[in-house]
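Asks: The structure's right below; bear with me while I get my questions together.
The values are calculated or read from the model by the stated rules, or taken from the named source; none is laboratory data. Everything numeric in this text was worked out from a predicted model, so none of it was measured. Cβ placement follows ideal geometry from the backbone for every residue including glycine, while neighbour counts extend to all protein chains displayed. Ligands, DNA and RNA are excluded from the accessible area calculation, which covers all protein heavy atoms including side chains. Shrake-Rupley method; radii C 1.70, N 1.55, O 1.52, S 1.80 Å.
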Amino acid sequence: MGKIKIYLTIVSVITLVCILFSINSCKKSVYTTATPSCNDGIQNQNETGIDCGGVCSSFAATVNGNNFAGWMAQSNGNPGFVLITANTSTTNISATYNDNISILFQLANITTTGTYTLASSTSTNRYGQYTTGAYTTQIIYRTDSIHIGTVTFTKVDMNKRVLSGTFNFTATQYSPIGTGTVSITNGSFTDICW
C-alpha cells in the first residue's frame with residue numbers, strides 16, 4: 001500500500017506540473033514596440049545617423065532681428081538643409097533656409113568643445129558668412145577683422161560624428177564689395193551629424 005501511495009503522489013505531481021506548463025504555454029506573448037525617439041540608440045525615423053540628423057536635429061538663427069524658423073538639419077546638402085563637412089583640418093557648417101538665404105561658418109581643427117572666434121577668412125581660416133539673393137544676384141556678407149563673432153561647440157562627439165552649439169556674428173558685405181552689414185544672433189544647432 002505504501003508503494004501505491006508514493007506512485008500516486010508522483011503521478012499527481014507530474015500531472016500537476018504538466019497542467020501548469022500547458023496553461024502557461026497557452027498565454028499569448030505580448031511584444032511591445034518602443035516608439036522611435038532621438039535617444040533610443042537606433043537610426044530610425046528620418047535620422048541621418050544614430051539619434052542625430054533629420055527630426056533629431058535643429059538649426060536656428062535670427063538675422064537682423066528677424067527670427068527665421070524652419071531651418072532643417074540634415075547633412076545631405078540639399079536646399080533647406082544643413083551640410084556639415086569635416087576632416088582633420090576643416091569643419092564647415094552650412095545651413096540653407098530657402099533657395100535665397102544661407103549661413104555658413106568654417107572653422108579649422110575642431111575636435112573638442114569650446115568657443116572659437118569667427119573673423120577674417122584669410123588670417124584664421126575661421127569665418128562666418130551670410131548669403132542672400134538668387135544665385136545670379138547673390139550678396140555675400142563675411143566676418144573680417146572688424147566684424148567678428150563666435151561659435152561655441154557644446155557637444156563634439158568624434159565617434160558618433162555629432163555636433164551641437166551656438167553661434168553669432170556680424171558680417172560686412174563681401175561680394176559684391178559694399179558697405180552693408182548683417183547681424184546673426186541667437187544661432188544654435190543641435191545634434192547635427194556628418
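Conditions (1) open to solvent by less than 70 Å² (accessible area, probe 1.4 Å); (2) modelled with pLDDT under 65; (3) assigned to a loop (DSSP other than H, G, I, E, B), marked per residue:
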position	(1), (2), (3)
79	no, yes, yes
85	yes, yes, no
96	yes, no, no
102	yes, no, no
106	yes, no, no
116	yes, no, no
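Asks: Could you run through region 135-155 and say how many residues are farther than 19 Å from residue 57 by Cα, open to solvent by 40 Å² or more (accessible area, probe 1.4 Å), modelled with pLDDT of 85 or more and β-branched (Val, Ile, Thr)?
Replies: 5
Asks: Now a separate question. Go through region 162-181 residue by residue and tally those that are over 16 Å from residue 150 (Cβ atoms) and in contact with a strand residue (DSSP E or B) (Cβ under 8 Å, 6 or more places away or on another chain).
Replies: Residues flagged as over 16 Å from residue 150 (Cβ atoms) and in contact with a strand residue (DSSP E or B) (Cβ under 8 Å, 6 or more places away or on another chain) within region 162-181 amount to 10.
Asks: Can you say whether residue 110 is of a type in the set (Val, Ile, Thr), in a loop (DSSP other than H, G, I, E, B) and within 20 Å of residue 53 (Cβ to Cβ), as far as the supplied structure shows? Spell out how you get there, then give the answer.
Replies: Working: of a type in the set (Val, Ile, Thr): yes; in a loop (DSSP other than H, G, I, E, B): yes; within 20 Å of residue 53 (Cβ to Cβ): yes.
The answer is yes for residue 110.
Asks: Here's a follow-up. Taking interchain pairs and intrachain pairs at least six residues apart, which have beta carbon atoms under 6 angstrom, with the first residue in region 156-176 and exposed (fewer than 13 other Cβ atoms within 10 Å of the Cβ) and the second among the hydrophobic types (A, V, I, L, M, F, W, C)?
Replies: Hits for this filter: 175/140.
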